[in-house]
1. Give the Debye-formula value of log10 I(q)/I(0) at each listed q (0.09, 0.10, 0.13 Å⁻¹), with one equal scatterer per alpha carbon of region A:113-244, two decimals each.
2. Kindly rank A:449-456, A:460-467 from highest to lowest mean number of other beta carbons found within 10 Å of each residue.
3. Please work out whether region A:174-313 counts as rounded, prolate or oblate from its C-alpha gyration tensor, where a ≥ b ≥ c are the square roots of the eigenvalues and a/c under 1.5 means rounded, while otherwise a/b larger than b/c means prolate and anything else oblate?
4. Measuring with a 1.4 Å probe in the full set of protein chains, what accessible area per residue, in whole Å², belongs to region A:189-313?
5. Going by accessible area, probe 1.4 Å, with all protein chains left in place, what is the ranking of A:E580, A:E434, A:E592, largest first?
6. What is the Rg over Rh value, at two decimals, for region A:146-207, using alpha-carbon atoms and the Kirkwood definition of Rh?
7. Once amide H atoms are built 1.01 Å from N in the peptide plane, which residues 5 or more positions from A:T101, or in another chain, come under 5 Å H to H?
8. Average projected area of the Cα convex hull of region A:76-136, in nm²?
Amino acid sequence: MADHRAVEPLHHAQEPPHLAGLNPEQYEAVTAPDGPLLVLAGAGTGKTRVLTSRLAHLLVEGRARPGEVLAVTFTNKAAREMNERVEALIRRPVQGLWLGTFHSIGARLLRRHAERIGLEPNFTILDTDDQQRLLKQLLEAAGLDAKKFPARVLSGIIQRWKDRGWTPDQVPASEEGDFALGRGIELYRAYQQRLATLNACDFGDLLLHNLTLFAEHPDVLEAYQRRFRVVLVDEYQDTNVAQYLWLRLLAQHHKNLTCVGDDDQSIYSWRGAEVGNILRFEEDFRGARVVRLERNYRSTGHILGAASGLIAKNESRHPKTLWTEDDPGEPVRVAGLWDDDEEARFVGEELEALQRQGEALASAAVLVRAGFQTRAFEERFIAIGLPYRVVGGPRFYERAEIRDAIAYLRLIRQPDDDLAFERIVNRPRRGLGEATLAQLRREARASERSLVATAATLCGGDALKPKPRKALGDLLAAFERWRGLAETEPAREVAETVLEESGYVAMWQADKSPEAPGRLDNLKELAHAIAEFDTLAGFLEHVSLVMENASDPAGDMVTVMTLHGAKGLEFDTVFLGGWEEGVFPNQRAVDEGGRAALEEERRLAYVGVTRARKRSCVLFAANRRLYGHNWVSSIPSRFVDELPAEHCEFLQRDGFTATRLRSPGLPPKREGDPLARFNSAKIRKGPVIEAVAETVDDRGPEVDVGARVFHPKFGYGRVEGADGDKLDIAFDKAGRKKIMASFVEPAR
DNA sequence: GGATTGTGTATTTTT
DNA sequence: TACACAATCC
């Protein structure tokens, strides 16, 4: 993203900093008059720079005061960066901007007007874990089999509905799939009711409730419409329908909306993002000006050429051609290897070579499609003592101990937070088990009150056995005490006291598992973070909306992460692992999303290649270990074939390490030239992962994973895997089943 | 009520 | 393989 390189100035030296050194297109975008503006900014063309410069420009020119600017991003990081850069450009702090993520601004608006839609201003923001817990309860209450209908799936369905801006009443009946026997919408409604009772929201609600608020209270909407003279949006290609509607409403009065994005980098459709939003911009906002940024300041000619050739295979896109005045540089190297271990070894050796040439490890990254691929690299890097860091994984606030601690704090702030209560009633163990809890829930439901309120009543009577009654009473008394404390003491004091007195810290101190010390450290870090906040409320908001992984890249190390995680970043050298059919493009994505999903996978490939400034290296392996000891053989990704040959260098066998150590039994013995298979393999349509040789039983007919099969009762399906002589088949109509191989025959 | 054993599942994850 | 969750046992 960062473009710090000097560009020959178009205008003269007296230009203010926010206009200095812009190329003509950037200048046009930054200085464009009021009105809808779409900046189509290819990878590495200075997108963030344009956005921040425009914001600075509008402020400096007095076209808007800070309080009249709404600037939205997707990530906190982007928001922070934007703020810093604007301040750097105009050389003073800016206060009063509405600058933040969609979610944080949605929450801010919602807290102001919560009562208008039946919430209290101190509503809790639930995360995914809470959501699923709640949904699970609802599924159970509805008498549905949690195995067959996992809360995780329902949560996904509801989120997608929310992404499209649908309240339960607005979900079209045709959208009701077969989940939960066609009771999805009903469950969605029940879920929303439950949230309202809990005075809680999930992430999707932060926007959806805004939409409801605006629809039901035009006065509120109008106030904001008038207020926001300027609306700026980053990564517009990633907006979902709800966000689009929200923006359109807010920008409607002044119609002064600037959206920056790149349809070729839309990689979040599975999270509800609609590429259509950016493709349709000119229709949606009449008279919109469109500026294309096509001059790339990041990558060499070969890298750009390879990436452009690849992305040109997509049909749904705004055509654009990136160019650079840079040298062609090194061609993109493409290497085929025997298996994932060898792939990792190859990368390790390359990194060591780079290091010998004086390159910093921190300037290199290994990018993969999915998390499981990082393992081979990690093992190899550990083996050769190469410093690395894996970005991603569970976030700080998703860790169990942090969530527990936060549940205590939430409960102090909002006694009716049943989810928080359930989480910590018995952590540490207080002898309040399932039986007591079930009784509590029953009573609570009957009296339509929260668990804490019910518990208080129950402790007064003799419905509970003495032991649990005492334990529960003590806990409630403790909370009363802590709430009193919270009135006077700073948030950090409160948190520390609570964690001590509740026995929570002691619980981990007593724990002898190897993770325990780390967890205690995390709790300390949490307390440290709280110190920055005056109020518990402020901290909790921060935690649910902002808090990120504490990942300080201390020292010189290689970054290993997923392609999704790499968006917006850049490195001198990038290794792109696992370019095999099935892995990348990911089989499941293609199965579920068809051509559109394939194009998204291709965009992901494009994002990957364009992360590199100087060197890009694409890798694929003939054999790969999936979960433990399942080996799959695969053929190179079609994306490998789509890389224009004139920008690539295909490494020959000589480039590989010839000798290998192999653990017993696995995988298929190497016969002849491993590349021979690749060279002869033509990308085939249809099934892509060839076979799970080890797991298909000899007695049954050999059926390839990925094969289409027919079953007399369940109809057509696709073989997903094999276990002995049973095949794991995903039937088009009947769902996923394990079937004896002899019952099916190849389709057609 | 708590510990233990067994079973099923396994993309991507800005908030 | 690894992990989460549920059924099962003490």
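1. Here log10 of I(q) over I(0) equals -0.29, -0.36, -0.60.
2. Sorting A:449-456, A:460-467 by mean packing, highest first, produces A:449-456, A:460-467.
3. Cα axes put region A:174-313 in the oblate bin.
4. Counting only protein heavy atoms, the per-residue value for region A:189-313 is 34 Å².
5. Ranked from most to least accessible, the order is A:E592, A:E434, A:E580.
6. Across region A:146-207, the Cα-based Rg/Rh ratio is 0.94.
7. A:T73
8. Average of the hull's projected areas for region A:76-136 equals 5.6 nm².
The values are calculated or read from the model by the stated rules, or taken from the named source; none is laboratory data. What you are looking at is a predicted structure, and each value in this text was computed from that prediction instead of being measured. Neighbour counts are summed over all protein chains in view; Cβ atoms, including those assigned to glycine, are modelled from backbone coordinates with ideal geometry. What goes into the accessible areas is simple: the full protein's heavy atoms, side chains included, and nothing from ligands, DNA or RNA. Shrake-Rupley method; radii C 1.70, N 1.55, O 1.52, S 1.80 Å.
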